[in-house]
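For reference, the structure is listed below as C-alpha cells.
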Amino acid sequence: MLAKLIRTSLIFRLCLLVGASVLIIQLIVSTVFYYILKNDFYADANKFIINEVKVLNSLLKRHAGDLTALDQEVIWEPQSDNNKFMVRIYSQQGKILKESQDFQQYFPRKPPRELIKKLNLLQSVNLNKKYFALMNLQLNAYDKKNSQYLMQIVYNMTHEQHMLKRLATNLTIITVLEFMLTFFIIVFFIKYGLRPLQRVKEEIINIDINQLNQRLSEENLSIELRPIVNAFNRLLERIQKNIEQLKSFSANLAHELRTPINNLMMSTEVSLNKSLSVEEAKEILTSSMEEYTRIASIIERLLFLARFDAKQGRISKELLNCRAEIELVVDFHQALAEKKNIKINIEGSGNIYVDKTLFRNALTNVLTNAVKYCDAESLIKIFIQREQEGTLITIEDNGLGVPITAMSQLTEKFYRVDDHRSSTTGGSGLGLAIVESIINAHQGRLTFKEAQPQGLIVELFFPN
C-alpha cells in the first residue's frame with residue numbers, strides 16, 4: 001500500500017520527502033546536541049579531577065607529604081552509592097597506601113606499569129550500570145627523597161549518563177512526533193498550494209477535439225506552472241495544426257482520387273451500355289489505363305511519404321559524382337525542356353555522400369516543377385557548391401515564382417500555389433513533400449528563396 005502511494009501520489013511523495021528532510025535535520029541537530037552535552041559532562045569531570053589533584057598536591061606540600069592531610073579533602077569511608085569521586089594512592093612499588101573504601105569494589109588493584117601507560121588520560125568506564133570517568137596521575141610526595149605517588153582518581157558520572165539516556169529517549173520521541181505532525185501539516189499546505197494545478201486540470205478536461213482553439217489560462221498562475229501551461233498550449237497548437245492538415249489532406253486526397261475514379265466509372269458505364277468497336281474499346285482501355293496509372297502514382301507517393309514520416313524509410317549512402325548524377329536527371333528532362341525551348345545549365349562539381357535512388361528522386365521532383373512552371377525560352381540554372389559541412393545544390397528558375405507568404409506551405413501534402421495552374425500542368429502536389437522527406441532522411445536542409453527579378457530558388461543541402 002505504501003509503495004503504491006509513493007508511486008502514484010505526488011502529494012504523498014512531496015510530504016514524505018519534506019518530512020524525511022525535517023526528520024534528518026532533527027536527527028542531526030539532536031545528535032549534535034547530545035554529543036555536545038556529553039562532551040560538556042566529560043569536560044566538567046576532567047576539570048573537577050584536575051582541580052582535585054591541585055588541592056591534594058597543595059595539602060601534601062603543606063604537610064610535608066603526610067597522607068593523613070588528605071583526609072581534609074577526601075572522604076575515605078563510603079557515604080552513599082553516589083559518591084562523586086574516589087581516590088586510590090600507590091607507592092612507586094605499587095603498594096596501595098590509601099584508597100576510598102568503594103574503590104576496590106569497582107577497580108581492582110593494577111601494577112604501576114599499567115597505570116603509567118595511561119597516565120593523565122581521561123577514561124570512560126562502565127561497571128555494573130554505573131559510569132565513571134577515571135584518570136591516572138602522579139602526585140608529588142614532598143618527602144626527603146623527592147619521590148612521587150601514583151594516584152587513581154575516579155569521578156562518578158552515573159547521574160549524568162542517566163540524564164543523557166533520558167535526553168536521548170525524549171529527543172527520539174520528540175523527533176518522531178515532529179515528523180508525524182510535520183507530515184500532516186505539509187499535506188494540508190501542499191493541497192492548498194496545488195489548487196492552481198487542480199484548476200488547470202479542470203480546464204484540460206473541458207477541452208475536446210471540437211474545442212482545440214481553446215487555450216489554458218495563465219492568469220494567477222505560479223512561476224512554476226507557467227512553463228507547463230505554455231508547453232501544453234503549444235502542444236494544443238501543434239495538435240490543432242496537425243488535425244487541420246489531416247482534414248485538408250483527406251479532402252485533397254479525396255479530390256485527387258475522385259477525378260480518375262469518376263473517369264473510370266464513366267468509361268465503364270459507356271462500355272456496358274454501348275456496343276463498341278475494337279478501336280473504341282481500345283481507346284477506352286487506354287484512357288482507363290492512364291487513370292489507373294495516375295491513381296497508382298498517387299498511392300505510391302503516399303506510401304513513400306508514410307514510410308519516411310514513420311522513420312521506416314531505409315537509406316543506403318554512397319560516395320557519388322554529384323555533377324554526373326545531376327546530368328543524368330537533366331538528360332531525363334531534356335525532351336520536355338526542349339519542347340518549351342528551356343535551357344538547363346549546370347555549374348560546379350564535386351562528390352556527394354547520399355543514397356543514389358533518393359538523391360535522383362529529389363532532383364527529379366524539383367527539376368520537374370521547374371520545367372513545368374517555367375515559361376517558354378526560359379533558363380534553369382543548377383549550381384553545385386562544396387561547403388565545409390556538406391554540399392549545397394541550388395536550382396534556380398525564372399518562372400512565375402512563388403509568393404513569399406506561400407513558401408512555408410510548399411512542402412505540405414497536396415498543396416498548390418495556384419489550382420488553375422496546377423490543373424493545366426498536372427501533378428499531385430506531393431513532389432516537394434517527398435523532397436523534404438528525402439532531405440530529412442539525410443539530415444540535410446531544404447530552403448526556398450525568391451529569385452530576382454522573378455522565379456524560385458530551391459536549395460538542397462546534403463551534409464558530409
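Laboratory data are not the source of any read-out in this text; all were calculated from the coordinates shown. Treat the numbers as computed from the prediction; the structure is a model and nothing was measured. Neighbour counts are summed over all protein chains in view; Cβ atoms, including those assigned to glycine, are modelled from backbone coordinates with ideal geometry.
Brief remarks on what is shown
- Potential extension, A231-N273 segment - 0.36 nm per residue separation minus Cα distance: 9.0 nm
- Secondary-structure-derived ellipticity at 222 nm for the chain, considering helices only, amounts to -18500 deg cm²/dmol, per-run term -39500 (n - 2.57) for DSSP H runs with n ≥ 4.
- Kyte-Doolittle mean at least -0.5 and Cα axial length at least 18 Å: DSSP H helices in the chain: 10-62, 158-193, 226-273, 278-309, 322-339, 356-373
- P(r) tail for the range 39-138: Cα pairs beyond 21 Å make up 35% of the total.
- Cα gyration tensor of the range 317-395 - equivalent ellipsoid semi-axes, whole Å, descending: 23, 13, 10
- Rounded Å value of the spacing that divides the Cα centres of the range 210-282 and the range 121-142: 94 Å
- Available extension along the chain between D40 and N170 is 44.9 nm, counting 0.36 nm per residue and deducting the alpha carbon span.
- Charge dipole (debye, nearest 20) of the range 226-309; +1 at Cβ of Lys and Arg, -1 at Cβ of Asp and Glu: 720 debye
- In range of the label at T31: residues from the range 164-201 whose backbone nitrogen is under 16 Å from the point 7 Å along Cα→Cβ: 168-169, 171-173, 175-176
- Straight-line reach from K38: taking Cα to Cα under 12 Å and skipping same-chain neighbours fewer than 8 places apart, the aspartates and glutamates in range are E160.
- Note: the range 75-199, Cα convex hull, 163 Å³ per residue.
- Sequence-distant aspartates and glutamates (8 or more away, or on other chains) whose Cα lies within less than 12 Å of K61: D143
- Here's the list of lysines a cross-link from K343 could span, going by alpha-carbon distance under 19 Å and ignoring same-chain residues fewer than 8 apart: K372, K381.
- The Cα-based radius of gyration of the chain, divided by its Kirkwood radius, gives an Rg/Rh of 1.48.
- In the range 238-295, the alpha-carbon atoms span a convex hull of 57 Å³ per residue.
- Cross-link table K54/K165; K165/K191; K47/K130; K247/K339, entries beyond 30 Å C-alpha to C-alpha: K54/K165; K165/K191; K247/K339
- The range 317-463: relative contact order in percent, alpha carbon pairs under 8 Å with at least 6 residues between: 24 percent
- Per-residue Cβ neighbour rank within 10 angstrom, fewest leading, R445, R226, R88: R226, R445, R88
- Over the range 317-463: Kirkwood hydrodynamic radius from C-alpha pairwise inverse distances, Å: 15.4 Å
- Alpha-carbon Rg/Rh ratio, for the range 10-72, with Rh computed the Kirkwood way: 1.58
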